[in-house]
1. Of (1) over 18 Å from residue 8 (Cβ atoms); (2) at pLDDT 95 or above, residue 89 satisfies all except one. Which?
2. State all residues of the range 53-72 that are in contact with a strand residue (DSSP E or B) (Cβ under 9 Å, 6 or more places away or on another chain) and at pLDDT 95 or above; if no residue qualifies, say none.
3. Condition first: closer than 20 Å to residue 4 by Cβ, out of contact with any helix residue (DSSP H, G or I) (no Cβ under 6 Å at 6 or more places or on another chain) and loosely packed, with under 11 Cβ neighbours inside 10 Å. Can you find one or more residues in the range 86-98 that meet it?
4. How many residues does the range 21-31 hold that are surrounded by fewer than 21 Cβ atoms within 10 Å (Cβ to Cβ) and either touching a strand residue (DSSP E or B) at 6+ places or on another chain (Cβ under 6 Å) or part of a helix (DSSP H, G or I) (or both)?
5. Conditions: (1) in contact with a strand residue (DSSP E or B) (Cβ under 8 Å, 6 or more places away or on another chain); (2) touching a residue at least 40 places away in the same chain (Cβ under 8 Å). Residue 98 meets all but one. Number of the miss?
C-alpha cells in the first residue's frame, strides 16, 4: 500500500516505527501474523497469514489503514494512505519464501542499504529477523 501522493513519510524513522507498532498491534487484535513486512519510504509491503478460519486479512488491512491513518492525520493534519492497495492471495503452490525474499530485499534493491539486516523498518511477528533474512539468502531470486 502506498502513501498518499507517494510521499516519503516513512523516511522519518519515528513515523516508521509508529506505523510498525500499529501494524503489529492491529495484527494481534485481528488474529493474523505478519510473516514479513517492510516499510519503504513511500509504501508498505506486508505478507500476512490468518491464525484461524475466522481471520480476515482484508478486515485486518482496513483496520490497520484506519488506525494508522487516524493517528497520522491527528499529528500531521493530512492523510497517510492513498485510496486502495494491491493485494494478492498466495495459493498452496506459491512459494511463500519467494515473497518473503522480495519483501525483505526491497530496501537493498532500492539502494537504501547494502544489507537488509541494517534496514530498521522490516521484520516479522512470527519469526526472528535473522531467520527471515537467512531464509531469504538461500532462496533463489525471483524471476
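The values are calculated or read from the model by the stated rules, or taken from the named source; none is laboratory data. Here the structure is a predicted model, which is why all the values come from computation and not from measurement. Note that we place each Cβ from the backbone using ideal geometry, even for glycine, and neighbour counts take in every protein chain shown.
1. Exception for residue 89: condition (2).
2. Selection gives 60, 61, 64, 65, 68, 69, 72.
3. Taking the range 86-98 as the starting set, the residues that turn out to be closer than 20 Å to residue 4 by Cβ are 86-87.
The next check asks that each one be out of contact with any helix residue (DSSP H, G or I) (no Cβ under 6 Å at 6 or more places or on another chain); those that pass are 86-87.
With loosely packed, with under 11 Cβ neighbours inside 10 Å added as a condition, the list becomes 86.
The answer is yes, given that some residue of the range 86-98 is closer than 20 Å to residue 4 by Cβ, out of contact with any helix residue (DSSP H, G or I) (no Cβ under 6 Å at 6 or more places or on another chain) and loosely packed, with under 11 Cβ neighbours inside 10 Å.
4. 7
5. (1)
To keep it simple, each residue is scored yes or no on (1) loosely packed, with under 12 Cβ neighbours inside 10 Å; (2) in contact (Cβ under 8 Å) with a residue 40 or more places away in the chain; (3) not in a helix (DSSP H, G or I).
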position: 10; (1), (2), (3): no, yes, no
position: 17; (1), (2), (3): no, yes, no
position: 33; (1), (2), (3): no, yes, yes
position: 44; (1), (2), (3): no, yes, yes
position: 47; (1), (2), (3): no, yes, yes
position: 64; (1), (2), (3): no, yes, no
position: 68; (1), (2), (3): no, yes, no
position: 83; (1), (2), (3): yes, no, yes
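Yes/no per residue for (1) assigned to a helix (DSSP H, G or I); (2) touching a helix residue (DSSP H, G or I) at 6+ places or on another chain (Cβ under 8 Å); (3) modelled with pLDDT of 90 or more; (4) over 17 Å from residue 23 (Cα atoms):
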| site | (1), (2), (3), (4) |
| --- | --- |
| 74 | yes, no, yes, yes |
| 78 | no, yes, yes, yes |
| 101 | yes, yes, no, yes |
| 108 | yes, yes, yes, yes |
| 113 | no, yes, yes, yes |
